[in-house]
1. What pairs come out if I take residues in the range 70-87 that are without any contact (Cβ under 8 Å) to a residue 60 or more places away in the chain and pair them with residues that are assigned to a loop (DSSP other than H, G, I, E, B) and open to solvent by 40 Å² or more (accessible area, probe 1.4 Å) whose C-beta lies under 8 Å away, six or more apart or interchain?
2. Output the number of the condition that R213 fails; it satisfies all remaining conditions of (1) surrounded by fewer than 16 Cβ atoms within 10 Å (Cβ to Cβ); (2) more than 27 Å from L42 (Cα to Cα); (3) of a type in the set (D, E, K, R); (4) at pLDDT 95 or above.
3. Hey, can you tell me all the residues within the range 165-199 that are open to solvent by 50 Å² or more (accessible area, probe 1.4 Å), in contact with a helix residue (DSSP H, G or I) (Cβ under 8 Å, 6 or more places away or on another chain) and in a loop (DSSP other than H, G, I, E, B)?
4. Being surrounded by fewer than 21 Cβ atoms within 10 Å (Cβ to Cβ) and at negative phi is the filter; apply it to the range 219-228 and report the residue that is modelled with the highest pLDDT.
5. Restricting the first residue to the range 229-248 and requiring it to be closer than 13 Å to P343 by Cβ and open to solvent by less than 60 Å² (accessible area, probe 1.4 Å), which pairs with a second residue that is at pLDDT below 90 and among the small types (G, A, S) meet a Cβ separation below 6 Å and a spacing of at least six or different chains?
6. Tell me, please, whether a residue that is among the polar types (S, T, N, Q), outside any helix (DSSP H, G or I) and buried (at least 23 other Cβ atoms within 10 Å of the Cβ) can be found in the range 48-68.
7. Hey, could you check the range 306-320 for residues that are open to solvent by less than 20 Å² (accessible area, probe 1.4 Å), out of contact with any Asp or Glu (no Cβ under 7 Å at 6 or more places or on another chain) and in contact (Cβ under 8 Å) with a residue 24 or more places away in the chain and say which is farthest from H280 (Cα to Cα)?
8. Six or more apart or on different chains, Cβ under 8 Å: which pairs go from a residue in the range 335-353 that's within 13 Å of I319 (Cα to Cα) to one that's crowded, with 19+ Cβ neighbours inside 10 Å and at pLDDT below 85? Could you list them?
Amino acid sequence: MPNPRPLAGSIPSMHTRPVVFRLTNSLHYGGVASRLRAVLPLLLDEFEVHVVTYRTPGAFAPELADKGVRVHHLPIPTKWSPAGIARLARLLRGHGASVLHNHSFSANVTGALAGALAGTPVRIGQIHTLKSHWYENPAHRAKQRIEEMLIHRTLSTRVLHVSRESRDYFAAQMPLAAAKFEVLHNGVDFSALAPRKDARQLRAELGIPPQARVIGNVGRITGCKRLDMLLSMAAKALARNPDMVFVIVGGEAGHAEGLLRQAAELGIADKVIFPGETPHPGDYYNIFDAFLFTSPPGSEGMPGAVLEAASFGMPIVAIRTDTLEEMAEWYDGFRFITEGCDPAHELAAALAAPRPDPARLRAHFSIQAMADRTRALYHRLLQHPTPRT
């Protein structure tokens, strides 16, 4: 198979700066791709930056190439593919890669092997989720745990986690590699969340009365999000105060239909709105009076939707998790739902309280701050790759 061809916008490497490669399955919509889209151009002042996709290029690939990030598509059929690993190693060697930064399980394995074969001095793995990182089948999960632990123990320079909860959880799952683990907090491109639609106009389009308080949620509407629980909480809250509307943004129509049926069974169908997916979630954050988040502990590494909602200075009513408590160090707008408490009471208290100030959260979790942390990490590992134990 021929060597991968860079997308339009790529030019031959001159090696005037350290060369950084990021390996991911696709630059399509989603948390990892969105952060790569925002943060990689901010590293170009000090690094020559490449991205390799191995499933599909994705919607953001041409945009990154136009901004000066060199994007390559290199199909790799499986994480253990000898031919795929060899081709990736040739690409790394040909561009003189100094840093290879891999994303999630498959890339962690393929990238670590290819980087070692190419002689890339700094090889970074990254894990973005918690328990959903593992295969569901117990036998496959056990095999995966051993594979990844040995890969990180022997070949990875560092393994990054998006929260302390993630780091501590995986340290217990992969103890032989735990000395390599550290936290790199995510960032959010807050400028991209600037509302494009007037709040009153959007409320009118959604049929929300002017006096109603809007409780929102943004993100996928399947799996760990527990939106069935959110609807149950909504029913209890509406029984206390019917002058509210719940707006749940995101997801496919088929999943929304099931939740609408549940809302009808609870007698609150006229109080729940599913606008569907949107490329402009800031329009919706701008009309929310509070954000209701029901993902349980151990389900999410660092929920971006919560960071986004908090950046608008709204109260966050959520099931208590270690990661959200970590985020609360920079934002005092959390009200946690714990076992035995009345979620309707917590929501009412959140709506009655003064709006929290998001300044500290916006400073720490900005995309520029994430770029600064990433830049400092790369320079540190290029100078001192061995972890201090």
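1. G84/P75; G84/P77; G84/T78
2. Among (1) surrounded by fewer than 16 Cβ atoms within 10 Å (Cβ to Cβ); (2) more than 27 Å from L42 (Cα to Cα); (3) of a type in the set (D, E, K, R); (4) at pLDDT 95 or above, the lone unmet condition for R213 is (1).
3. D189, A194, P195, R196, K197
4. Going through the qualifying residues, I end up with D228.
5. A237/A344
6. yes
7. So, considering only residues that are open to solvent by less than 20 Å² (accessible area, probe 1.4 Å), out of contact with any Asp or Glu (no Cβ under 7 Å at 6 or more places or on another chain) and in contact (Cβ under 8 Å) with a residue 24 or more places away in the chain, the one farthest from H280 (Cα to Cα) is A318.
8. I337/P343
The values are calculated or read from the model by the stated rules, or taken from the named source; none is laboratory data. Everything numeric here is computed off the predicted structure, so don't read it as measured data. Ideal geometry is used to build each Cβ from the backbone, glycine not excepted, and the neighbour counts take in all protein chains shown. The accessibility values were calculated without ligands, DNA or RNA, using every heavy atom of the protein model including side chains. Shrake-Rupley method; radii C 1.70, N 1.55, O 1.52, S 1.80 Å.
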